[in-house]
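What follows is one structure encoded as structure tokens, with my remarks underneath.
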Amino acid sequence: MSWESNRIKSFAVIVLVFFITAFTTDSNAQDDSHHDLVSRGLAHLTVRAQLKENGKVVEKQATGMVVSRDGLVLTVWHLIKDLGEVVPRTVNIEARLGSKVAPPIPAALIDASITTDLLLLKLLPSSADYATIRFGSPTEHQDTSQLFSQGFPSSLPEKRLLSSKIRTRFGPLPSGFYLWGTGFTFEDGESGSPVYNDRGEVLGIAKGVEGSTGYFIPVMYAESLLSQIRLKEIRDEMRGFSHLRTQLNWRLEYDQGKDVLNVIYEKTIPGEPHVAYINLVLVIDGYDFDQERIKLSPSWQINRLEKPSLRSDSSGVFEVKDFKHQVRSKGEGFANIRDIEIDVIPFIQATDIGSKAVASATRLRKARLELEYED
């Protein structure tokens with residue numbers, strides 16, 4: 001075999017090794033990615049308090065998961081319950097994110113669902129932008145598919161990774177009917193650990209072990225606690241679409257019999273913000289008594305037209321009463337009004353939780369009103 005052939009074969013082997021290595025590396029990265037999605041929102045929790053009976057300090061540990069970017073943490077209620085009868089003011093909760101040796105962050109108790117053994121904590125301060133887990137749908141998970149869990153067992157210096165499958169979707173009666181059973185061997189300190197699928201979507205919260213079955217709480221039982229998070233997300237999304245919240249469609253109607261000009265608005269999205277008042281800038285184009293073309297200039301302004309009549313949560317009307325009389329009073333000698341061009345400048349008012357009402361003005365659009373009359 002020639003030296004040239006050996007060189008070609010050697011090159012082919014190098015290329016093959018490169019592709020195998022690259023593929024293996026990418027595959028491992030893909031395999032680990034769903035674990036990384038969960039571990040970044042993992043919290044090691046420690047709670048301490050003094051017993052009422054003798055003042056002795058007791059301590060319990062659990063795992064939790066960060067469920068909102070402002071620091072809400074979901075875990076198990078028995079983290080607090082298992083302390084026993086304690087002096088409430090002495091309860092101290094700390095969270096360490098991602099590792100047992102991470103800097104401690106103080107946490108406060110926000111809400112609990114004692115029936116389903118769930119607890120919601122709040123990291124302090126709330127201004128930090130925390131990494132969070134993401135939820136999936138337990139009911140869509142197949143029993144034959146793999147499940148994973150990460151938590152902080154008290155017996156180990158760091159977190160560990162478990163894998164198993166669903167054994168049963170019915171927990172021990174009477175009180176544990178809502179629990180799902182697996183082969184997870186949860187230990188002390190791992191209660192509150194996320195149970196997740198191969199996409200990194202959290203499907204449940206670890207509760208504990210009975211016999212040889214490790215039970216978890218499906219996330220749908222946490223909805224009552226997590227509803228405030230969803231409401232906040234909706235509010236944030238709505239703030240992100242502020243142009244839609246303040247988008248108003250205007251039209252004009254004239255009631256000849258009542259001599260009332262109706263300035264009507266309809267909102268793209270119902271509810272706040274509301275229109276507090278409007279300013280009108282009117283340019284009147286018409287004819288005098290000699291049928292000569294005239295235009296009211298400078299423009300006629302009506303400022304701070306208040307108290308709209310609400311037709312619905314998304315519609316209202318402002319009334320300009322004695323409209324023809326007001327036009328005639330401008331002294332421009334109008335006999336006929338050809339048309340009126342109106343700029344509507346609304347002042348928007350909205351009340352956010354914890355803040356005062358704020359008004360802002362925006363010129364939205366021009367509307368043209370055909371209005372003709374003769375004396």
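Tally up the residues in the range 184-219 that are assigned to a loop (DSSP other than H, G, I, E, B) and more than 24 Å from ARG134 (Cβ to Cβ), please.
Final tally of qualifying residues: 5.
Please indicate, with yes or no, whether at least one residue in the range 166-179 is of a type in the set (A, V, I, L, M), under 29 Å from the mean Cα position of the chain (by Cα) and assigned to a strand (DSSP E or B).
Checking the range 166-179: not a single residue is of a type in the set (A, V, I, L, M), under 29 Å from the mean Cα position of the chain (by Cα) and assigned to a strand (DSSP E or B).
Check off (1) of a type in the set (S, T, N, Q); (2) touching a Gly at 6+ places or on another chain (Cβ under 8 Å); (3) closer than 17 Å to ALA131 by Cα for SER68 and give me the number that stays unchecked.
Status for SER68: all satisfied but (2).
Being in contact with a helix residue (DSSP H, G or I) (Cβ under 9 Å, 6 or more places away or on another chain), touching a residue at least 12 places away in the same chain (Cβ under 8 Å) and closer than 26 Å to VAL209 by Cβ: is that true of THR116 here?
The answer is yes for THR116.
Identify all residues within the range 117-145 that are in a loop (DSSP other than H, G, I, E, B) and under 21 Å from the mean Cα position of the chain (by Cα); write none if there are none.
Correct list: LEU124, PRO125, SER126, SER127, ALA128, ASP129, TYR130, ALA131, THR132, ILE133, GLY136, SER137.
Select from the range 81-97 the residues that are in a helix (DSSP H, G or I) and of a type in the set (D, E, K, R) and write down the one among them that is surrounded by the most Cβ atoms within 10 Å (Cβ to Cβ).
This residue is LYS81.
Condition first: of a type in the set (D, E, K, R) and free of Cβ contacts under 8 Å to residues at least 60 places away in the same chain. Now tell me which residues in the range 159-193 satisfy that.
Correct list: ARG160, LYS165, ARG167, ARG169, GLU187.
When only residues in the range 93-121 that are under 24 Å from SER224 (Cα atoms) and small (Gly, Ala, Ser) count, which is modelled with the highest pLDDT?
This residue is ALA95.
Given the conditions (1) at pLDDT 95 or above; (2) crowded, with 19+ Cβ neighbours inside 10 Å, which single one is not true for GLY71?
(1)
Out of the residues in the range 310-335 that are among the small types (Gly, Ala, Ser) and farther than 15 Å from PRO346 by Cβ, which is modelled with the lowest pLDDT?
GLY331
Of the residues ARG134, ARG160, ARG167, which is surrounded by 13 or more Cβ atoms within 10 Å (Cβ to Cβ), more than 17 Å from PRO218 (Cβ to Cβ) and in contact with a strand residue (DSSP E or B) (Cβ under 9 Å, 6 or more places away or on another chain)?
Only one candidate passes the filter, namely ARG160.
Specify the residue that is farthest from ARG69 (Cα to Cα); the eligible residues are those in the range 103-116 that are in contact with a Phe, Trp or Tyr (Cβ under 8 Å, 6 or more places away or on another chain) and not in a loop (DSSP other than H, G, I, E, B).
SER113
Applying the selection to the range 217-272, what residues are among the acidic types (Asp, Glu) and at pLDDT below 75?
Residues satisfying the conditions are GLU233, ASP236, GLU237, GLU272.
The values are calculated or read from the model by the stated rules, or taken from the named source; none is laboratory data. Being a predicted model, the structure only gives us computed values, none of them experimental. Every residue, glycine as well, gets a Cβ built from its backbone with ideal geometry; the counts of neighbours run over all protein chains shown.
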